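The values are calculated or read from the model by the stated rules, or taken from the named source; none is laboratory data. What you are looking at is a predicted structure, and each value in this text was computed from that prediction instead of being measured. No Cβ is skipped: glycine too gets one built from the backbone with ideal geometry, and neighbour counts run over all protein chains shown. Accessible surface is based on the protein model in full, side chains and every heavy atom, while ligands, DNA and RNA are left aside. Shrake-Rupley method; radii C 1.70, N 1.55, O 1.52, S 1.80 Å.
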Amino acid sequence: MAQFHNVVIVGGGGAGLRAAVAVAEANPLLSVAIVSKVYPMRSHTVSAEGGAAAVIAEDDSLDEHAYDTVSGGDWLVEQDAVEAFVQEAPRELLRLEHQGCPWSRKPDGHIAVRAFGGMKKKRTWFAADKTGFHLLHTLFQSALSYPDIVRYDEWFVTKLLVDDGRVHGVVAIELATGRIETIIANAVIVCSGGCGRVFPFTTNANIKTGDGMALAYQAGAPLKDMEFVQYHPTGLPFTGILITEATRAEGGWLLNKDGYRYLQDYDLGKPTPEPVLRSMELGPRDRLSQAFMHEHAKGRTIETPYGPIVHLDLRHLGASVIDSKLPFVRELCSKYQNIDPVKELIPVRPVVHYMMGGIHTDIDGATPLEGLYAAGEVACVSINGANRLGSNSLPELLVFGARAGKAAAEYVQSLQTGPRSVVYKQGDDEERRLRHELGRHDDGTERIADIRTEMQSTMEEGAGIYRDGNSLEKAAVKLHELRERFERAAIDDHSSTFNTEIVAMLELSCMLDVAQSIVACALQRTESRGAHQRTDHPMRDDEKFLAHSLVHRQPDGSGRVGYLPVTITRWPPGERVYGR
């Protein structure tokens, strides 16, 4: 017997929890379900460190935040969405304050703000360097106060149910038991996060495998701007664990193998005066990651078993500043590198951090598929364009999670008809497919881990910080081969209880779809903009490519790429200028 809820939310992180609360507030009579493959407090939002951007300081303004966001995204940004975002972000962060989020404060009791990359003013709220942890705790506790929010913890969604261009629910498998359930819904909101695990070195947790993007893509919704993959310039070299941008906001330095602050050579700041010298470490993430690659080409990085590195120097900050404002960084360095940043240099390298692209949505989270909404990193509104500014992602979860929840609640109340029998048949068909997956390929010739590793290497080599037509063509051919090999993959575990191998297989299928969409979009965009840098097309081309890419999945699994004009309200395209 199928379950029924008015609204089903896929993903229990920051966007999912905020969306659930927004639905419950819009209409307390609606039944809301959160289906998450992990317990909500293990969602990746918990790992955000540096902070959340919103205008609160007297010397700041909404227009300045909007302009920084638009220019930081290299003008590939929906400016109406940005204007709504900067207006609503302070209200969302104050809402969390009233619900108990322990924002760090100045000595006079006012909210403390720090500088962040690409932002010309200090506007990033923070809770030491555990902002995501405290934000997610606060959202989770708030959600617990709504009895009509039902949770399916540790359930993996495998399919969206679609009939006649309208979404009617999902099919999900309970990881603890292997039970497969059809969950009928009037609306579905996808809030399942990004897909950093398609690359080998990433700050993303193992759960970030692009499931939500692939679900929407397979159901017929287009993905937008998938070629724009953000590398964070400071990840630990082996694990990829994030060393927050807050380290540089507090005055940390990036040093090459000669101990030289190399960013002053890359139009991100000057040697003097001191405020400008400090600001170069707070250039936007795409520019800093590209500068690292130039240093490597010049032989100024340090070779390690996990690739080239540079050093992040916090020693001059002293133990007092590090322990009060960066305690988690000190803990991570101690546990995962066996070093103390108070006394030693931190080895860092660029690692994949964030997807600017995702499911195509409007300003209220609605996708082209009726009844399907999306919010958070899985979605592309787009306020991030070609490069997200640090600390914009946490308020994005809140602002657009709330908007999607409210829009979904309004949509549900307007419906007159329920699902037809064909929807239940789709659920039965998906259950049969999953039962087959559990038992298939006893004599398969391929291994899931091998295909996954080759996919990650292919993406790093072909679609990394710098790309060109040749590398992308090779990547496309290789990914097609890996998709064919995936059909011959074997699994050894055929049990029902916590079968992590079948989950890995389902995740790999999603990652291959996402990887192919990234490469397809990158091949078509013959320009360089933000995080998409083509060495064979080094200039930005506003005449042809001031437009969002939209990729639709074809019946054969390939991606058909088209373009959508960018909404420009007040800020015409200009040059991105930093450190001047």
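For the range 183-226 and the range 69-105, compute the distance between their C-alpha centroids and round to whole Å.
23 Å
What ranking, highest mean first, results for peptides 453-460, 561-568 when packing means the other Cβ atoms within 10 Å averaged over each residue?
453-460, 561-568
At most 15 other Cβ atoms within 10 Å and a DSSP loop assignment: could you name the trypsin sites (Lys or Arg not before Pro) in the range 288-374 that fit?
Here the sparse-neighbourhood loop sites are 298, 343.
Can you list the HN-Hα couplings for the range 453-458, worked out from phi with the Karplus curve (6.51, -1.76, 1.60; θ = phi - 60°), rounded to whole Hz and with x for Gly and Pro?
Values per residue, Gly and Pro as x: 4, 5, 4, 4, 5, 4 Hz.
When a/c is below 1.5 the answer is rounded, else prolate if a/b is larger than b/c, else oblate, so apply that to the chain with a ≥ b ≥ c taken from the square roots of the Cα gyration tensor eigenvalues.
Prolate shape, in that a/c is at least 1.5 and a/b is the bigger ratio.
Please report, in Å, the Rg and the Dmax of the range 1-89, where both are computed over Cα atoms only.
According to the Cα coordinates of the range 1-89, Rg and Dmax are 17.2, 59 Å.
Take the solvent-accessible surface of the protein heavy atoms, probe 1.4 Å, and return the percent of it on the range 276-326 that carbon and sulfur atoms account for.
55 percent
What shape does the range 67-173 have by the C-alpha gyration tensor, where a ≥ b ≥ c are the square roots of the eigenvalues, rounded means a/c under 1.5, and otherwise prolate means a/b greater than b/c and oblate the rest?
oblate
Ignoring ligands, DNA and RNA, what accessible area per residue does the chain give at 1.4 Å, in Å²?
Normalised by residue count, the accessible surface of the chain is 37 Å².
Place a +1 charge on the Cβ of each Lys and Arg in the chain and a -1 charge on the Cβ of each Asp and Glu, then give the dipole magnitude about the Cα centre in debye, rounded to the nearest 20.
820 debye
With a 1.4 Å probe and every protein chain kept in, tell me what percent of the accessible surface of the range 343-453 is carbon plus sulfur.
Roughly 47 percent of what the probe reaches on the range 343-453 is carbon or sulfur.
Using Cα pairs under 8 angstrom and six or more residues apart, how large is the relative contact order of the chain, in percent?
Averaging sequence separation for qualifying contacts and normalising by length gives 22 percent for the chain.
Using a 1.4 angstrom probe with every protein chain in place, what is the largest-first accessible-area order of 494, 360, 436, 5?
These residues rank, largest area first, as 436, 494, 360, 5.
Got the relative contact order for the range 215-334 handy, in percent, Cα pairs under 8 Å and 6 or more residues apart?
28 percent
Of 106/257; 224/478; 130/406; 37/120; 208/298; 122/343, which sit over 31 Å apart, Cα to Cα?
From 106/257; 224/478; 130/406; 37/120; 208/298; 122/343, over 31 Å: 106/257; 37/120; 208/298.
Of the accessible area of the range 102-243, with the probe set at 1.4 angstrom, what percent is carbon plus sulfur?
Whole-percent figure for carbon plus sulfur exposure: 53.
Taking only DSSP H segments of four or more residues, each worth -39500 (n - 2.57), what value at 222 nm results for the chain once the sum is divided by all its residues, to the nearest 500 deg cm²/dmol?
Helices in the chain give a 222 nm mean residue ellipticity of -11500 deg cm²/dmol.
In whole percent, what relative contact order does the range 332-419 give with Cα contacts below 8 Å and a gap of six or more residues?
RCO, the range 332-419: 25 percent.
Going by a ≥ b ≥ c, the root eigenvalues of the Cα gyration tensor, does the range 188-313 fall in the rounded group (a/c under 1.5), the prolate group (a/b larger than b/c) or the oblate group?
prolate
Out of 495, 511, 549, whose Cα points farthest toward the positive end of the dipole of the range 422-580 (charges: +1 Lys, Arg; -1 Asp, Glu; placed on Cβ)?
Working it through, the farthest residue towards the positive pole turns out to be 549.
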